[in-house]
1. Out of everything in region A:48-68 that is touching a Pro at 6+ places or on another chain (Cβ under 9 Å) and touching a residue at least 60 places away in the same chain (Cβ under 8 Å), what residue ends up being nearest to B:Arg176 (Cα to Cα)?
2. I'm trying to understand the selection: among the residues of region B:113-137, which are within 14 Å of chain A (Cβ to nearest Cβ) and within 29 Å of B:Ala242 (Cα to Cα)?
3. For the list (1) within 19 Å of the chain's Cα centre (by Cα); (2) away from chain A (no Cβ under 14 Å), I need the number of the one condition that B:Thr49 fails.
4. So which residues in region A:66-89 are facing chain B (nearest Cβ under 10 Å) and not small (Gly, Ala, Ser)?
5. Limited to region A:163-203, what total is found for residues that are out of contact with any helix residue (DSSP H, G or I) (no Cβ under 7 Å at 6 or more places or on another chain), at the interface with chain B (Cβ under 9 Å from one of its Cβ atoms) and touching a residue at least 24 places away in the same chain (Cβ under 8 Å)?
6. Quick one: which residue in A:Val107, A:Val95 is among the β-branched types (Val, Ile, Thr) and over 26 Å from A:Gly171 (Cβ atoms)?
7. Inspect region B:79-92 for any residue being buried (at least 16 other Cβ atoms within 10 Å of the Cβ) and among the β-branched types (Val, Ile, Thr) and give the result as yes or no.
Amino acid sequence: MLSDTDWSAIRLTLELAAVTTVLLLFIGTPIAWWLARTRSAWKGAVGAVVALPIVLPPTVIGFYLLVAMGPEGPVGRLTQTLGLGGLPFTFAGLVVASVFYSMPFVVQPIQNAFEAIGERPLETAATLRASPFDTFFSVVLPLARPGYLTAGVLGFAHTVGEFGVVLMIGGNIPDKTRVVSVQIYDHVEALEYAQAHWLAAGMMAFSFVVLLLLYTLNPTGRRA
Amino acid sequence: MPARSFISLTGLFLALMAHGACAAEVQVAVASNFTAPMQKIAAGFEQATGHRAKLAFGSTGKFYAQIRHGAPFDVLLAADDETPARLEREGAAVAGSRFTYSIGRMALWSASPGYVDGQGAVLKQGTFKHLAIANPKLAPYGAAAVETLDRLGLLAALRPKFVQGENIAQTFQFVRTGNAELGFVALSQVVEDGTLTRGSAWVVPSGLHAPIRQDAVILARGKDNPAARALMKYLKQDQARAIIKAYGYN
């Protein structure tokens, strides 16, 4: 059935998706808040940049990340000056790529949830002398919970389903960058269809269950 | 006037028909390592024969799977001799059309000048972080790289530094962007007209790994395609041979 390398790919994939999702919930919240409330002329531009990964093919993102994170690229120079070394072919590199690649799937549901709250609850909280922080944690976050659930699930699932970017910057290293989607690709290319089937069917089942849970638990929550 | 335009239309139609009969199109699946020479060869082939060659580049393993599942290719230029033979055994290729169009050579290459010495001693120093190879499970050049390192007694020491490209083109890209300091690539990727195009390289002696025989074969779909036969013939002619040699193949 599943070999040791298959299991290690599964473990790595779940780890990558978990780290990415947690990071994205933290990074995505202020971005979503700003996008939901701002009247700035930059709103359109920032929203478009966040949404780019939805329309760009993974090859574009993978190619530019490879060049940017390489020793000659701006990100690569920065990480090397900071003594972090190069990002491609490392788990950290995959996390950086995934944060960028899955960002719209986390930011957009949260932003929608924030927008749905509207001005009233915030004004009411202000008249009750709640500080902005207090308002955010005791009014906004509870009201935006369905949005956060959608964001977390979609961010996680989308990272699990990532392939092109990982293939381009990962280098296929066992235990470090060889995630399930790449492992399936390897099996298919090596004509090991039986192993490919086990993993691929597992992915199908996993993705279906995740989305089913999301839509059952959160039937009214806004989705990306 | 109408009669005249009818005649000229008929003439045009007949001309198109005649053109269609002698100028055919051949869909060619080409192993990634042979990308650069094949582009030149295809241009010469189109000029010399009037046929058209449509090229697709990728890994031999992927092409195998696609061909077995009905991909519309007439000719396969593989990176090994095993895949064409297998396709022939399975009835997916035309028996007796198979021949070795080139024997691949491998180079240990770095994008920075002076990094790789002429003897490959840099491998023993091991001062690099990443050594790029093609996936040995999928790509003949990857298997040859592993075999070479094994013969040099460096396989166990260097394995942790491996980064694997899905095919030899991706392996080249890892090294070309500087993300891997050096890597085993196809000599054809770094040599043009017999000289190194950039960086530094050690041409791996062919005695260090089993010869990378690259075979071409006509696929079942190309059985009656005159352009497919013409291309196979053209690959054996001096013009094509000269280009293949210039890219470092034997």
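1. If we filter region A:48-68 for residues that are touching a Pro at 6+ places or on another chain (Cβ under 9 Å), which is where we start, we get A:50-54, A:61, A:65-66, A:68.
Filter once more, so that each one left must be touching a residue at least 60 places away in the same chain (Cβ under 8 Å): A:61, A:65-66.
Working: A:Ile61: 18, A:Leu65: 14, A:Leu66: 11 Å.
By that ranking, first place goes to A:Leu66.
2. B:Ile133, B:Ala134
3. (1)
4. Result: A:Leu66, A:Val67, A:Met69, A:Pro71, A:Glu72, A:Leu87, A:Pro88, A:Phe89.
5. 1
6. On the way: A:Val95 fails: over 26 Å from A:Gly171 (Cβ atoms).
Of A:Val107, A:Val95, the one residue that is among the β-branched types (Val, Ile, Thr) and over 26 Å from A:Gly171 (Cβ atoms) is A:Val107.
7. At the first step, the residues of region B:79-92 found to be buried (at least 16 other Cβ atoms within 10 Å of the Cβ) are B:79-81, B:83-84, B:86-88, B:92.
If we keep only those that are among the β-branched types (Val, Ile, Thr) as well, we get B:83.
Checking region B:79-92: at least one residue is buried (at least 16 other Cβ atoms within 10 Å of the Cβ) and among the β-branched types (Val, Ile, Thr).
Residues checked against (1) at positive phi; (2) surrounded by fewer than 16 Cβ atoms within 10 Å (Cβ to Cβ); (3) modelled with pLDDT under 95:
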{"site": "A:Leu16", "(1), (2), (3)": "no, no, no"}
{"site": "A:Pro30", "(1), (2), (3)": "no, yes, no"}
{"site": "A:Trp33", "(1), (2), (3)": "no, no, no"}
{"site": "A:Thr38", "(1), (2), (3)": "no, yes, yes"}
{"site": "A:Val49", "(1), (2), (3)": "no, yes, no"}
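The values are calculated or read from the model by the stated rules, or taken from the named source; none is laboratory data. These numbers come from a predicted model, not from an experiment. Positions of Cβ are generated from backbone atoms using ideal geometry, with glycine treated the same way; all protein chains shown enter the neighbour counts.
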